[in-house]
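For reference, the structure discussed in these notes is given below.
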Amino acid sequence: MSNETLRILVADDHPLFRSGMRSLLNAEPGFQVIGEATNGDEAVQLAAEINPDVILMDVQMPGLNGLDATRKIVQANPEIKVLVVTMFEDDHTVFSALKAGARGYMLKGASPDDVLRAIRSVASGDAIFGPEVAARLLDFFTTIRPAAMPNPLPDLTEREREILDLIARGRSNSEIANTLFLSPKTVSNYVSSIFNKLQVADRAQAMLKAREAGLGQH
């Protein structure tokens, strides 16, 4: 790819940005702007017609936005590499672009050299991110997030889990009734249902299962 001229489509609704990018790229050996799109629909249509090597894609454009356009283009022709160039750097937009199939993500404040380097990188099959976006991605993947614990007692309703939690805390039926503003008869029915679902014979066994499931902890 380095010995060939990279054919580039610029998709952005701002004329000044398109003009500036066209001037930058056409003045650089090995780059040629072969088309311009002012919205996502035009980008999809032109991508199919002229088959560029790389598309510089804005995110927010009239009609079809850049992310949906990226998804359609990549699905139709995975060989086309999309480099998102935008003002947005929030997590949602960054990850939505990656899910859509973009191979790179740059902010519009990037230097010309960074833009040229990014275009070459995505054209050769690499993924490239501007420094700000790369830092955001690194932070996302290095931040420790506790794994979601599976529900250890899936058969119990939310109310039954609430009552079992109180049982595990050593509360009697009357105390549970007062705490939850239920009648003693209703609590008794709930307790019977809980024992049946847990397949236990008495309160002690129910308390043990509850503690194993992490309930009853102060």
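Which condition number does GLY125 fail, the rest of (1) at pLDDT 90 or above; (2) of a type in the set (Gly, Ala, Ser); (3) more than 20 Å from GLY20 (Cα to Cα) being met?
(1)
Look through ALA127, ALA69, ALA100, ALA134 and report the one residue that is open to solvent by 60 Å² or more (accessible area, probe 1.4 Å) and over 22 Å from ASN26 (Cα atoms). Don't jump to the end; show me each part of the working.
Working: ALA69 fails: open to solvent by 60 Å² or more (accessible area, probe 1.4 Å); ALA100 fails: open to solvent by 60 Å² or more (accessible area, probe 1.4 Å); ALA134 fails: open to solvent by 60 Å² or more (accessible area, probe 1.4 Å).
The conditions single out ALA127.
Which of the residues that make up the range 20-34 are surrounded by fewer than 19 Cβ atoms within 10 Å (Cβ to Cβ) and of a type outside the set (Lys, Arg)? Before you say what the answer is, go through the steps one by one.
Just the residues of the range 20-34 that are surrounded by fewer than 19 Cβ atoms within 10 Å (Cβ to Cβ), to begin with: 20, 22-24, 26-30, 32, 34.
GLY20, SER23, LEU24, ASN26, ALA27, GLU28, PRO29, GLY30, GLN32, ILE34 - these are the residues of the range 20-34 that are surrounded by fewer than 19 Cβ atoms within 10 Å (Cβ to Cβ) and of a type outside the set (Lys, Arg).
If you scan the range 1-19, which residues turn out to be out of contact with any Phe, Trp or Tyr (no Cβ under 9 Å at 6 or more places or on another chain) and loosely packed, with under 15 Cβ neighbours inside 10 Å?
MET1, SER2, ASN3, GLU4, HIS14, PRO15, LEU16, SER19
Could you grab me the full set of residues in the range 39-59 that are open to solvent by 50 Å² or more (accessible area, probe 1.4 Å) and either more than 18 Å from GLY101 (Cβ to Cβ) or part of a helix (DSSP H, G or I) (or both)?
Step one: list which residues in the range 39-59 are open to solvent by 50 Å² or more (accessible area, probe 1.4 Å), which gives 41-42, 45, 48-49, 51.
If the condition is that a residue be open to solvent by 50 Å² or more (accessible area, probe 1.4 Å) and either more than 18 Å from GLY101 (Cβ to Cβ) or part of a helix (DSSP H, G or I) (or both), then ASP41, GLU42, GLN45, ALA48, GLU49 are the ones that fit.
Consider ALA177 against the criteria (1) touching a Pro at 6+ places or on another chain (Cβ under 8 Å); (2) open to solvent by 80 Å² or more (accessible area, probe 1.4 Å): it satisfies all of them except one. Which criterion is unmet?
Failing condition for ALA177: (2).
If you scan the range 110-124, which residues turn out to be in contact (Cβ under 8 Å) with a residue 12 or more places away in the chain and in a loop (DSSP other than H, G, I, E, B)?
If we filter the range 110-124 for residues that are in contact (Cβ under 8 Å) with a residue 12 or more places away in the chain, which is where we start, we get 110, 112, 114-116, 118-124.
Those that are in contact (Cβ under 8 Å) with a residue 12 or more places away in the chain and in a loop (DSSP other than H, G, I, E, B): ALA110, SER124.
Cβ-Cβ distance below 8 Å, separation of 6 or more or different chains: which pairs start in the range 66-78 with a residue that is part of a loop (DSSP other than H, G, I, E, B) and end on one that is open to solvent by less than 40 Å² (accessible area, probe 1.4 Å) and at pLDDT 95 or above?
Sorted first by the residue in the range 66-78, then by its partner, the pairs are ASN77/ALA47.
The values are calculated or read from the model by the stated rules, or taken from the named source; none is laboratory data. These numbers come from a predicted model, not from an experiment. Please note: Cβ atoms are built from the backbone with ideal geometry, for glycine as well, and neighbour counts cover all protein chains shown. Ligands, DNA and RNA are excluded from the accessible area calculation, which covers all protein heavy atoms including side chains. Shrake-Rupley method; radii C 1.70, N 1.55, O 1.52, S 1.80 Å.
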